[in-house]
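Peer 1: Just dropping this structure here.
The values are calculated or read from the model by the stated rules, or taken from the named source; none is laboratory data. Please read these numbers as outputs of a predicted model, since none were measured by experiment. Note: ideal-geometry Cβ built from the backbone for every residue, glycine included; neighbour counts use all protein chains shown.
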Amino acid sequence: MHFSIFTGVLLSIASHVTAIGQKQIISFESTDGCLTLANGGSSPTVILDGADWEGVIRAGRDLAADFGRVTGQNGTVMLMNGTGVAATNMSSVIIVGTIGNSSLIDGMAKSGKISTGKTEGQWEAFQSQVVSNPMPGINRALVIAGADKRGSIYGIYDVSEQIGVSPWYYYADVPAKQHSSIYALDTPKHQTSPSVKYRGFFINDEQPALTNWVNENFEMGEYGPGFNHKMYAPIFELLLRLRANYIWPAEWNSMLAVDDPRTPPEADMYGIVMGTSHTEPLMRWTKEQSLFLNGTWAWATNEKNVTEFMREGAERSSPYENMYTMGMRGLGDTASPTLDADSLEDIIGVQQDILRDTFDTQDISDIPQMWCLYKEVGGYFEQGMDVPEDITLLWADDNWGNNQRLPLANETDRAAGAGVYYHFDYVGDPRDYKWINTINIAKTYEQMHLSYERQARTIWVVNVGDLKPLEVPISHFFDLAYDEPSMSSPDSTMKWLRAWAAREFGENVADATASVMNTYGMLAARRKYELLDPFVYSNTNYNESGRVLGEWQSLVNSAQAIYNQLDTATQAAFFELVLHPCMAGNIVHQIYLNAGMQNTYAYEWRQSANTLAQQVLDSFNADAALTKRYHSLLNGKWNHILDQTHLGYNWWQQPMRNVAPALEWVQASEVSLGGPLGVTAEGSNGSAPGDSIYNAGLGNWVQTMPPIDPYGPSSRYLDVYMRGPGSTDFMISADQPWVTASPSSGTLGANGSLDMRVLFSVDWSSAPAGQTTVNINITNSAEDYGSVSMPTAVLPVNKTSVPDSFSGFVESDATISMEAEHTTSNTSADGVSYGIIPGYGRTLSGVTLFPVTASSQSAPNGPKLTYDFYAFTHAPDANATVMMGTSLNTNPDRPGRYAIALDDEEPKEVQPVPDFTLGALPEMWYTGVANAVFTNTTRMNIKPGKHSLNLWALEPGVVFQKIVVDLGGVRESYLGPPESMMV
């Protein structure tokens with residue numbers, strides 16, 4: 001059983017501990033039995049065996065420097081051979097070493113000073129404790145013993161993080177937390193092996209941003225960009241500080257071992273396992289396939305040369321620690337028309353022979369190998385391809401964070417296990433997303449928890465594009481990979497965000513920052529920035545566009561308020577990690593959503609269309625200015641890192657230049673033929689007089705608002721506005737005294753506003769029961785309307801009431817909208833129950849089955865979610881639409897399914913995602929992932945009165961977000977109607 005020292009720690013981190021999820025071994029206050037490491041300007045001596053791994057010694061020097069970052073005084077590094085020291089009575093000492101590689105550690109173990117039995121021989125494990133008289137001349141010391149090279153390194157960086165140095169001190173400019181005194185607690189710590197064996201990222205799609213930054217800061221190589229060992233060194237260090245160990249380096253225009261032959265040994269020295277992407281077998285980079293291969297990259301026609309090409313890669317990389325990519329794809333990340341399951345079996349056989357020859361052994365089971373089942377490659381496996389047991393099967397997501405396949409029961413005992421290739425960045429259908437962070441880490445948790453529990457535990461590697469704008473999801477991903485059981489609860493993401501915020505910015509802003517980032521994750525992931533357009537969100541229904549803009553502006557206000565509290569040293573990091581993405585997301589939404597509203601205004605002949613057009617252009621310029629602010633930060637340290645275009649997409653590939661959306665102008669000096677005053681009702685984009693329903697009997701134009709009732713919005717509205725130059729006074733009144741207009745009069749134009757929204761509310765205590773049509777009279781001071789009559793508006797009023805005994809959702813406007821979390825009852829069965837994932841999805845949360853390894857469930861006997869609602873409308877053809885996460889059928893024998901039923905009716909089973917073959921996703925996938933939701937609709941006969949809608953998840957992995965029952969009133973929108981009132 002996996003023992004996690006993290007369990008329970010994530011939530012209860014003490015205010016003076018800055019490490020995420022780590023057992024506390026450092027304090028800034030003196031306690032009984034503690035060891036002083038730094039006090040009054042002094043810092044410790046870090047002692048290592050000079051014969052230990054070079055990477056351990058290098059990390060030890062980092063630790064000494066980290067004390068300087070915190071206290072202002074660097075520690076001292078002492079390299080020794082043997083077990084004694086020349087100096088005596090050294091009071092502040094940290095001894096670090098690798099079991100079996102450090103005579104210092106082995107000597108203490110032999111003499112009984114420490115016991116290494118639980119650590120020795122374990123993958124990347126370490127232990128730490130305060131030891132009395134560990135060596136001659138030393139009274140007490142903090143001793144860190146690693147089971148292997150990386151175990152020692154993680155033990156070192158554990159101290160660094162706990163004293164106040166963030167892993168992102170360089171790549172996100174997080175300043176060290178200043179302390180004058182640092183103490184090691186007299187608390188032994190034993191850190192077991194990580195949950196996932198190989199944990200890394202893929203620097204991919206690095207044009208133009210990362211490449212431009214690299215070329216400005218590092219020397220260009222013979223073959224292209226300056227991705228040299230100096231550039232990679234801080235990345236290797238970052239990985240280790242994040243407790244990761246694996247990398248797929250930049251590959252689109254780079255060849256790591258060719259661009260700078262010093263990089264592979266540098267990685268090996270640091271302790272980083274080198275690998276290559278799914279399209280680069282045996283440590284040869286894609287660009288090499290074009291430059292150095294004799295002949296074409298085609299097995300069917302050039303087998304001999306391709307074999308020798310791969311052999312050279314294995315031989316070149318053999319001195320270092322690598323994970324060898326097996327198999328083959330077409331040239332440059334494409335499918336090969338000549339490859340099939342049989343030929344790939346032959347290729348892998350040849351590749352394994354190459355490894356046997358290269359390492360002069362018949363047993364290559366200890367040589368890490370993986371085959372990435374990406375796109376069409378997964379289809380070869382499904383055809384029955386036989387893959388040797390010593391090759392890890394690396395399952396790929398759909399490029400949008402949805403696992404396509406995970407190990408089945410008969411695959412979990414493979415010797416080399418399985419893993420997951422995941423995406424935070426992508427180039428391809430339905431559209432690129434590679435500008436800034438659009439990852440909702442609640443979804444990352446859901447998918448990776450599923451992966452872990454389904455035994456995909458050998459490799460987790462994530463595509464991070466340019467790396468820089470994805471700091472938060474990267475940190476979260478690696479913390480999950482390091483100790484998944486400690487983060488296995490469905491509410492772990494919010495706890496993690498708080499711990500992350502405390503580490504980076506301090507306890508006093510941790511709660512507020514966590515809330516901001518939780519909200520940002522939901523808002524940004526609703527629809528990737530690159531997929532936005534002016535009409536994604538409705539301009540007319542549910543005030544959707546306005547609500548979304550309000551959410552973004554509120555988010556920016558909250559982030560700015562936190563930023564203003566921070567000291568200058570911390571503000572740069574907060575800007576990079578929190579404030580910039582919030583501001584950038586807000587501006588992009590302002591550009592697109594206001595452009596959509598501007599087009600609508602022009603259609604309605606509003607004079608303010610021109611004003612709004614200028615606001616869109618101002619936002620377009622603000623986007624460029626914000627990028628310039630980022631690039632100017634810290635004397636231009638990150639210049640170019642946001643060069644990626646992100647505005648003006650019209651197909652899957654990026655535009656070559658940011659382009660503003662189309663705008664329309666009205667002729668400002670002319671008056672509309674329909675007169676200077678226009679009226680538009682909520683839910684309409686028609687302008688009256690002149691573009692609405694003309695009532696011949698009344699002799700005027702009619703605008704009809706959506707109905708109002710006691711259980712819906714508290715008001716409905718009319719927009720009144722100028723449709724020409726000058727000014728006009730208006731007056732609005734209802735023909736019923738219990739309907740109030742606010743404001744009931746005003747002046748438009750001249751020094752007044754060009755637009756005004758008039759809200760209509762109802763005094764329900766005076767309104768008659770049932771349905772009433774209220775006429776709204778509109779007059780204005782403009783003298784000449786020609787032959788056009790003034791418009792009239794209509795407000796349908798529907799006074800309804802539910803029995804006092806009823807509890808649940810209430811119909812309004814022939815609609816019932818329910819967040820999945822807000823159940824009337826939530827029942828479990830046989831140890832299977834529903835958990836709520838806060839922040840998941842597009843509006844509130846996700847609800848899914850736990851444990852995720854549960855067997856298939858049944859309806860009506862399985863765990864059930866019930867939603868009571870009250871209907872006033874008889875709707876024999878009502879539609880109940882279930883909105884879900886975009887999870888795929890990770891077990892083809894058990895595709896995701898749910899069941900739904902009204903009251904006591906027979907449950908109807910639904911399979912939202914059709915069966916599909918790996919590499920050939922179903923047609924509905926494209927729209928679903930673009931919209932960040934899968935939907936399915938069931939027809940129901942709903943009569944007036946109380947009802948219960950029952951919902952059953954029949955398989956783990958189905959994540960409910962929202963249920964909308966359309967009784968005939970649901971109008972078009974992106975997010976669906978706002979949640980109905982509950983009584």
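Peer 1: Under 9 Å by Cβ, and 6 or more places apart or on different chains, what pairs join a residue from the stretch 932-945 that is without any contact (Cβ under 8 Å) to a residue 60 or more places away in the chain with one that is of a type in the set (Lys, Arg)?
Peer 2: Taking only residues 6 or more apart or on different chains, the pairs are 938/908.
Peer 1: Hey, which of the strands (runs of 3 or more DSSP E) in the stretch 891-974, taking only ones fully inside, have at least 3 residues that are over 18 Å from residue 877 (Cα atoms)?
Peer 2: On the way: elements: 898-902, 908-910, 934-942, 945-953, 960-966.
Answer list for the stretch 891-974: 945-953, 960-966.
Peer 1: Quick one: which residue in 164, 137, 151 is buried (at least 22 other Cβ atoms within 10 Å of the Cβ) and out of contact with any helix residue (DSSP H, G or I) (no Cβ under 6 Å at 6 or more places or on another chain)?
Peer 2: Going through 164, 137, 151 in turn, the sole match is 151.
Peer 1: Pairs only if they're at least six apart or on different chains, beta carbon under 7 angstrom, first in the stretch 837-849 and closer than 16 Å to residue 826 by Cβ, second modelled with pLDDT under 95; list them, first residue then second.
Peer 2: none
Peer 1: Here is a follow-up. Taking the condition in contact (Cβ under 8 Å) with a residue 12 or more places away in the chain and within 23 Å of residue 718 (Cα to Cα), does residue 586 pass? Explain how you work it out, then say what you get.
Peer 2: Values: in contact (Cβ under 8 Å) with a residue 12 or more places away in the chain: yes; within 23 Å of residue 718 (Cα to Cα): no.
No, not satisfied.
Peer 1: Considering only residues of the stretch 640-694 that are among the polar types (S, T, N, Q) and surrounded by fewer than 18 Cβ atoms within 10 Å (Cβ to Cβ), which is modelled with the lowest pLDDT?
Peer 2: 685
Peer 1: Of all the strands (runs of 3 or more DSSP E) wholly in the stretch 677-780, which have at least 2 residues that are over 41 Å from the mean Cα position of the chain (by Cα), hydroxyl-bearing (Ser, Thr, Tyr) and not assigned by TED's automatic domain parsing to the domain that holds residue 872?
Peer 2: In the stretch 677-780, 727-734, 739-742, 745-749, 770-780 are the strands (runs of 3 or more DSSP E) which contain 2 or more residues that are over 41 Å from the mean Cα position of the chain (by Cα), hydroxyl-bearing (Ser, Thr, Tyr) and not assigned by TED's automatic domain parsing to the domain that holds residue 872.
Peer 1: Here is a further query. Please work out if residue 599 is of a type in the set (S, T, N, Q), assigned to a helix (DSSP H, G or I) and surrounded by fewer than 23 Cβ atoms within 10 Å (Cβ to Cβ).
Peer 2: yes
Peer 1: Can you tell me how many residues within the stretch 552-592 are more than 18 Å from the chain's Cα centre (by Cα) and charged (D, E, K, R)?
Peer 2: Looking only at that region, the number is 1.
Peer 1: Only one of (1) surrounded by fewer than 17 Cβ atoms within 10 Å (Cβ to Cβ); (2) within 25 Å of residue 535 (Cβ to Cβ); (3) of a type outside the set (Ser, Thr, Tyr) fails for residue 731. Which number is that?
Peer 2: For residue 731, the exception is condition (2).
Peer 1: Checking the condition touching a strand residue (DSSP E or B) at 6+ places or on another chain (Cβ under 7 Å), in contact (Cβ under 8 Å) with a residue 24 or more places away in the chain, within 25 Å of residue 929 (Cβ to Cβ) and outside the structural domain of residue 69 (by TED's automatic domain parsing), which residue from 494, 517 passes?
Peer 2: None of the others qualify; the one that does is 494.
Peer 1: Okay, moving on. Hey, among the residues in the stretch 813-836 that are free of Cβ contacts under 8 Å to residues at least 40 places away in the same chain and acidic (Asp, Glu), which one's nearest to residue 982 (Cα to Cα)?
Peer 2: Residue satisfying both the conditions and the ranking: 821.
Peer 1: Right, here's the next one. State whether the residues of the stretch 376-389 include one that is free of Cβ contacts under 8 Å to residues at least 60 places away in the same chain, in the same structural domain as residue 327 (by TED's automatic domain parsing) and among the small types (Gly, Ala, Ser).
Peer 2: For the stretch 376-389, residues free of Cβ contacts under 8 Å to residues at least 60 places away in the same chain, in the same structural domain as residue 327 (by TED's automatic domain parsing) and among the small types (Gly, Ala, Ser): present.
Peer 1: Here is a further query. Report the residue count in the stretch 293-317 for those that are closer than 20 Å to residue 356 by Cβ and either surrounded by fewer than 15 Cβ atoms within 10 Å (Cβ to Cβ) or β-branched (Val, Ile, Thr) (or both).
Peer 2: First pass over the stretch 293-317, keeping only residues closer than 20 Å to residue 356 by Cβ: 299, 303-304, 306-317.
Still in the list and also either surrounded by fewer than 15 Cβ atoms within 10 Å (Cβ to Cβ) or β-branched (Val, Ile, Thr) (or both): 304, 306-308.
Number of matching residues: 4.
Peer 1: Quick one: residue 540 ticks every box in (1) within 22 Å of the chain's Cα centre (by Cα); (2) β-branched (Val, Ile, Thr); (3) not in a helix (DSSP H, G or I) bar one, so which box is it?
Peer 2: So the condition that residue 540 fails would be (1).
Peer 1: If I go through the stretch 102-115 residue by residue, how many of them are farther than 15 Å from residue 52 by Cβ and not in a helix (DSSP H, G or I)?
Peer 2: Adding up the residues that qualify gives 4.
Peer 1: Scan the stretch 318-329 and tell me whether some residue there is touching a residue at least 60 places away in the same chain (Cβ under 8 Å), closer than 22 Å to residue 232 by Cβ and touching a helix residue (DSSP H, G or I) at 6+ places or on another chain (Cβ under 7 Å).
Peer 2: Checking the stretch 318-329: not a single residue is touching a residue at least 60 places away in the same chain (Cβ under 8 Å), closer than 22 Å to residue 232 by Cβ and touching a helix residue (DSSP H, G or I) at 6+ places or on another chain (Cβ under 7 Å).
Peer 1: Which one of these does residue 195 not meet: (1) modelled with pLDDT of 95 or more; (2) within 29 Å of the chain's Cα centre (by Cα); (3) farther than 30 Å from residue 416 by Cβ?
Peer 2: Unmet condition: (3).
Peer 1: Residues in the stretch 801-822 that are among the hydroxyl-bearing types (Ser, Thr, Tyr) and either crowded, with 19+ Cβ neighbours inside 10 Å or in contact with a helix residue (DSSP H, G or I) (Cβ under 7 Å, 6 or more places away or on another chain) (or both): how many? Before you say what the answer is, go through the steps one by one.
Peer 2: Keep residues of the stretch 801-822 that are among the hydroxyl-bearing types (Ser, Thr, Tyr), which gives 801, 805, 807, 812, 815, 817.
Narrowing further to those that are either crowded, with 19+ Cβ neighbours inside 10 Å or in contact with a helix residue (DSSP H, G or I) (Cβ under 7 Å, 6 or more places away or on another chain) (or both): 812, 815, 817.
Final tally of qualifying residues: 3.
Peer 1: Scan the stretch 24-66 residue by residue and report those that are part of a loop (DSSP other than H, G, I, E, B), surrounded by 18 or more Cβ atoms within 10 Å (Cβ to Cβ) and at pLDDT 95 or above.
Peer 2: 25, 28, 34, 44, 52, 53
Peer 1: Sticking with this structure for a sec: Could you check how many residues of the stretch 198-231 are over 21 Å from the mean Cα position of the chain (by Cα), of a type in the set (A, V, I, L, M) and surrounded by 19 or more Cβ atoms within 10 Å (Cβ to Cβ)?
Peer 2: Counting residues in the stretch 198-231 that are over 21 Å from the mean Cα position of the chain (by Cα), of a type in the set (A, V, I, L, M) and surrounded by 19 or more Cβ atoms within 10 Å (Cβ to Cβ) gives 2.
Peer 1: Next question, about the same structure. Can you spot a residue in the stretch 613-635 that is basic (Lys, Arg), outside any helix (DSSP H, G or I) and more than 19 Å from residue 550 (Cα to Cα)?
Peer 2: The answer is no, given that none of the residues of the stretch 613-635 is basic (Lys, Arg), outside any helix (DSSP H, G or I) and more than 19 Å from residue 550 (Cα to Cα).
Peer 1: Determine which single condition residue 594 fails, assuming it passes every other condition in (1) more than 25 Å from residue 729 (Cβ to Cβ); (2) surrounded by fewer than 20 Cβ atoms within 10 Å (Cβ to Cβ).
Peer 2: Against the list (1) more than 25 Å from residue 729 (Cβ to Cβ); (2) surrounded by fewer than 20 Cβ atoms within 10 Å (Cβ to Cβ), residue 594 comes up short only on (2).
Peer 1: With buried (at least 23 other Cβ atoms within 10 Å of the Cβ), in a loop (DSSP other than H, G, I, E, B) and small (Gly, Ala, Ser) as the only criterion, which of 416, 456, 442 stands out?
Peer 2: One residue alone meets the criteria, 456.
Peer 1: Filter the stretch 948-983 down to the residues that are within 21 Å of residue 862 (Cβ to Cβ) and over 29 Å from the mean Cα position of the chain (by Cα) and list them by number.
Peer 2: If the condition is that a residue be within 21 Å of residue 862 (Cβ to Cβ) and over 29 Å from the mean Cα position of the chain (by Cα), then 948, 949, 950 are the ones that fit.
Peer 1: In the stretch 366-377, what residues are surrounded by fewer than 21 Cβ atoms within 10 Å (Cβ to Cβ) and within 29 Å of the chain's Cα centre (by Cα)?
Peer 2: 376, the sole residue that qualifies.
Peer 1: Does residue 78 fit the bill of being assigned by TED's automatic domain parsing to the domain that holds residue 161, over 26 Å from residue 273 (Cβ atoms) and modelled with pLDDT under 95?
Peer 2: When the stated conditions are applied, residue 78 does not pass them.
Peer 1: What do you reckon, is residue 165 assigned to a helix (DSSP H, G or I) and modelled with pLDDT of 95 or more?
Peer 2: So residue 165 does not fit the description; no.
Peer 1: Let me ask another. Identify all residues within the stretch 829-854 that are touching a Lys or Arg at 6+ places or on another chain (Cβ under 9 Å) and surrounded by fewer than 17 Cβ atoms within 10 Å (Cβ to Cβ); write none if there are none.
Peer 2: Residues satisfying the conditions are 829, 853.
Peer 1: State the number of residues belonging to the stretch 381-425 that are touching a helix residue (DSSP H, G or I) at 6+ places or on another chain (Cβ under 9 Å) and among the basic types (Lys, Arg).
Peer 2: 1
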